[in-house]
Amino acid sequence: MTQAPLLSVEDLRTYCYTRAGVVKAVDGVRFALERGDSLGLVGESGSGKSMTCNSILRLLPKPAARTVGGRVLWDGRDLLTLSEREMRRVRGREIGMILQDPLISLNPVFTIANQVGEPFRLRGAAKGRSDLREKVLDVLRQVHIPSPEARLSQYPFEFSGGMRQRTVAAIALAGSPGLLIADEPTTSLDVTIQDQFLRLLRELQEKTGMALILVTHDLGIVAETCNKVAVMYAGKIVEFGDVRQVLTSPAHPYTEALLKALPVPGTRQKRLYQISGEPPNLLDPPAGCAFEPRCHRAMQACKKARPPIKRLSDGRQAACLALEAGEVR
Amino acid sequence: MLRYALKRLGVGLLCLVGVSVIIFVAMRLAGDPTLLLLPDDATEQDRIELRQELGLDKPLPVQYAIFVAGAVQGDFGMSTRWKMPAMELVLARLPATLQLAGLAFSLAVGIGLLSGVTSATARGSVFDQCVRLGVTLGLAVPVFWVGLIFIMVFAVDLGWFPTSGRGSFAHLILPAVTMALNPAAAMSRLSRSAMLGVLGADYIKMARVKGNSEARVVWKHGLRNAAIPVATLAGIQLANMIGNTVVVETIFAWPGIGKLIIDAIFARDFAVVQAAICVVAAAYIILNLAVDLTYGLLDPQIRYD
Ligand SMILES: Nc1ncnc2c1ncn2[C@@H]1O[C@H](COP(=O)(O)OP(=O)(O)OP(=O)(O)O)[C@@H](O)[C@H]1O
Ligand SMILES: [Mg+2]
């Protein structure tokens, strides 16, 4: 018998209840992570990446969204059935999260020392003031904040965007989590800072062995940072597997289209490839495959039933009827 | 910071001078006190003599100069009605007013914040709806009417509280609640909207991600960011409390400064009105300055210079 994975998400369903109707933002998501894995979660805007992350930590916008089904197995427990009290112990300590925008995820009215120290204080990890100070300085050094001693009494508005982002990472690290979820952690930073930050994440991951879920639009970042990738489309994972396999020979037509839309460095393209058509309306999703209207391999059968996600011979998983018909490679 | 405080204090002093001029002139326009002080059978000669004695025969600017010369030494003149130094009279009434205003203010801020913040966290719930209805009512009903209804219901019909006067703690409750109603409603509405603006922020989600309890998320991370508008309103309300006592003290016969001012106005007791108004205005100015200085503690981005 193989050992249970670190995190196993099974048939997760999170719906948004809007005035216009029910949006199935996360509709049967399933994936598993091992210790030290780093998973890139990619997909178009609105495909449900953030909702998936928020569902894992149970931080959905209330009362608009609710997880209506599935299991999130973590360390032998189903997070979805924990009490709010138990869930609080998971947040920050066992699973950390970095939010998208570093400019607004630090509290403007508390000092850096206060905010970075809070995770230690919350779990009673520091013995006295000077120990707390040492621990705070230590994590700030780990994320390469220059002269951290001088920074302790400063406020977020005195920090640059990159420094704020690293402070947010320091806060996540302060809980020494086994899994870090980073929801588009670098979209609001410029490219060099973005690069530095991703390098930092990799470095920390190597040092601590924590697993990582990295949400991004950028397949280049995934290729550099992750060992696994999950491609989401309309609330479902349509392809999941090893980064090299998926990015070099995509099985699902949507992954293929995403890769085609990437600019190739060193070449001059007049126009980037664009995926034609619109993402489906999640209020009234098609009965068949959600990608079918935009798919160049669409068959008659695709309109009728949703393709189940299947394990392919090379170990990866994909949800496409064409694969079964032997259409794709 | 010190320079800022001194500058503000200077401006405050100017305001005080302005207030004293206005009240000085207004009182003298209100009528001649000698008409009330003399018996019905007094002669015109008696009246002229009394006016001389009180210094009312001198030109207005001279009268004002005499008033200021005394006031800077703490002498606000003699009360014509109570026959004692005006300031002494005012200071004797001050504790009663501070007691009433203090309890009313604590009730207003306590109830207002608690209901406002809680209804923001439970937006759209039954509790929220009730609070919003209460706020609308609290802002709409006039203070004097509430006071009279309270006396009728809780003092006369039910007999739970005394109708008027000062003495036991029970005497304090009806006037304090009456006075707190309006500011509590305003505080509730403001803190609700300020918290609604804050609770959606990413740093609130971040506080949850860190594993904070919901109470700490709301009352520490949330309220601390909504603190500036809340503190501003609280400061204004505290300053207004002292002036608001006039109506409530009159209804409940509460022996404080407000009631004293009314009685003194009717008696055309210039010295007492001037002394009392100066005390109220000075308190107002000092409280406002104190509120402005606390901004620096609440928002790290504010620097005084
Ligand atoms: N507060 C909300 N109320 C109602 N619907 C919501 C809410 N938040 C998200 N949704 C719906 O859930 C779906 C998934 O949203 P989600 O934020 O997970 O997308 P995403 O993949 O993270 O996109 P992006 O790349 O733009 O961040 C969206 O289609 C949106 O319509
Ligand atoms: Mg998102």
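Got at least one residue in segment A:176-199 being in contact (Cβ under 8 Å) with a residue 40 or more places away in the chain, assigned to a helix (DSSP H, G or I), surrounded by 19 or more Cβ atoms within 10 Å (Cβ to Cβ) and more than 16 Å from ligand 2 (Cβ to nearest atom)?
Looking through segment A:176-199, none of the residues is in contact (Cβ under 8 Å) with a residue 40 or more places away in the chain, assigned to a helix (DSSP H, G or I), surrounded by 19 or more Cβ atoms within 10 Å (Cβ to Cβ) and more than 16 Å from ligand 2 (Cβ to nearest atom).
All but one of (1) at pLDDT 85 or above; (2) within 16 Å of ligand 2 (Cβ to nearest atom); (3) aliphatic (A, V, I, L, M) hold for residue A:282; state the number of the condition that does not hold.
(1)
Report yes if residue A:142 is in contact (Cβ under 8 Å) with a residue 40 or more places away in the chain and more than 14 Å from chain B (Cβ to nearest Cβ), otherwise no.
Yes: the conditions hold for residue A:142.
Among what's in segment B:1-36 and is in contact with an Asp or Glu (Cβ under 9 Å, 6 or more places away or on another chain) and surrounded by fewer than 12 Cβ atoms within 10 Å (Cβ to Cβ), pick the residue that is nearest to residue B:270 (Cα to Cα).
Among those residues, the one meeting the criterion is B:3.
Would you be able to tell me the number of residues in segment A:288-322 that are more than 18 Å from residue A:241 (Cα to Cα), buried (at least 20 other Cβ atoms within 10 Å of the Cβ) and in contact with an Asp or Glu (Cβ under 7 Å, 6 or more places away or on another chain)?
Number satisfying all stated conditions: 1.
Conditions first: (1) more than 22 Å from the chain's Cα centre (by Cα); (2) at pLDDT 90 or above; (3) of a type in the set (Gly, Ala, Ser). Residue B:101 passes all but one, so which condition is the exception?
So the condition that residue B:101 fails would be (1).
For residue A:12, indicate whether it is within 16 Å of the chain's Cα centre (by Cα) and part of a strand (DSSP E or B).
In short, yes.
Considering only residues of segment A:21-44 that are surrounded by 16 or more Cβ atoms within 10 Å (Cβ to Cβ) and either of a type in the set (Phe, Trp, Tyr) or farther than 26 Å from residue A:245 by Cα (or both), which is nearest to ligand 1 (Cβ to nearest atom)?
The extreme case among them is A:25.
Would you confirm whether any residue within segment A:99-110 is away from chain B (no Cβ under 14 Å) and over 23 Å from the mean Cα position of the chain (by Cα)?
Taking every residue of segment A:99-110 in turn, none turns out to be away from chain B (no Cβ under 14 Å) and over 23 Å from the mean Cα position of the chain (by Cα).
Hey, could you check segment A:45-60 for residues that are more than 6 Å from ligand 1 (Cβ to nearest atom) and assigned to a helix (DSSP H, G or I) and say which is surrounded by the most Cβ atoms within 10 Å (Cβ to Cβ)?
Selected residue: A:52.
Residues A:119, A:63: which one is assigned to a helix (DSSP H, G or I) and away from ligand 2 (no atom under 16 Å from the Cβ)?
A:119
Looking only at segment A:56-75, count every residue that is of a type in the set (S, T, N, Q) and within 14 Å of another protein chain (Cβ to nearest Cβ) and tell me the total.
0
I need the helices (runs of 4 or more DSSP H) fully contained in segment B:154-266, keeping only those with at least 3 residues that are within 14 Å of chain A (Cβ to nearest Cβ).
B:169-199, B:202-209, B:227-251
Taking segment B:235-250 on its own, how many of its residues are out of contact with any Phe, Trp or Tyr (no Cβ under 9 Å at 6 or more places or on another chain), over 12 Å from residue B:284 (Cβ atoms) and of a type in the set (Val, Ile, Thr)?
Qualifying residue count for the region: 1.
Evaluate the following for residue A:113: is it of a type in the set (A, V, I, L, M), farther than 29 Å from residue A:309 by Cα and either more than 11 Å from chain B (Cβ to nearest Cβ) or in a helix (DSSP H, G or I) (or both)?
yes
If you take the residues of segment A:140-156 that are in contact with a Pro (Cβ under 9 Å, 6 or more places away or on another chain) and assigned to a helix (DSSP H, G or I), which of them is surrounded by the fewest Cβ atoms within 10 Å (Cβ to Cβ)?
The selected residue is A:141.
In this structure, is residue B:70 surrounded by 13 or more Cβ atoms within 10 Å (Cβ to Cβ) and either on the phi > 0 side of the Ramachandran plot or of a type in the set (S, T, N, Q) (or both)?
Against the criterion (surrounded by 13 or more Cβ atoms within 10 Å (Cβ to Cβ) and either on the phi > 0 side of the Ramachandran plot or of a type in the set (S, T, N, Q) (or both)), residue B:70 does not qualify.
Considering only residues that are over 30 Å from residue A:162 (Cα atoms) and either facing chain B (nearest Cβ under 7 Å) or in a loop (DSSP other than H, G, I, E, B) (or both), which ones fall in segment A:79-98?
A:82, A:83, listed by residue number.
In segment A:157-175, which residue that is at pLDDT 90 or above and charged (D, E, K, R) is surrounded by the most Cβ atoms within 10 Å (Cβ to Cβ)?
Among residues in segment A:157-175 that are at pLDDT 90 or above and charged (D, E, K, R), the one surrounded by the most Cβ atoms within 10 Å (Cβ to Cβ) is A:164.
Return the only residue of A:192, A:186 being farther than 13 Å from residue A:38 by Cβ, away from every other protein chain (no Cβ under 14 Å) and within 16 Å of ligand 1 (Cβ to nearest atom).
A:186
Can you tell me which condition residue A:225 does not meet? The list is (1) of a type in the set (Val, Ile, Thr); (2) surrounded by fewer than 20 Cβ atoms within 10 Å (Cβ to Cβ); (3) more than 16 Å from ligand 1 (Cβ to nearest atom), and all the others hold.
Result: residue A:225 fails condition (2) only.
The values are calculated or read from the model by the stated rules, or taken from the named source; none is laboratory data. Predicted, not measured: the structure shown is a model, and the values here were computed from it. Note that each Cβ is placed from the backbone with ideal geometry, even for glycine, and that neighbours are counted across all protein chains shown.
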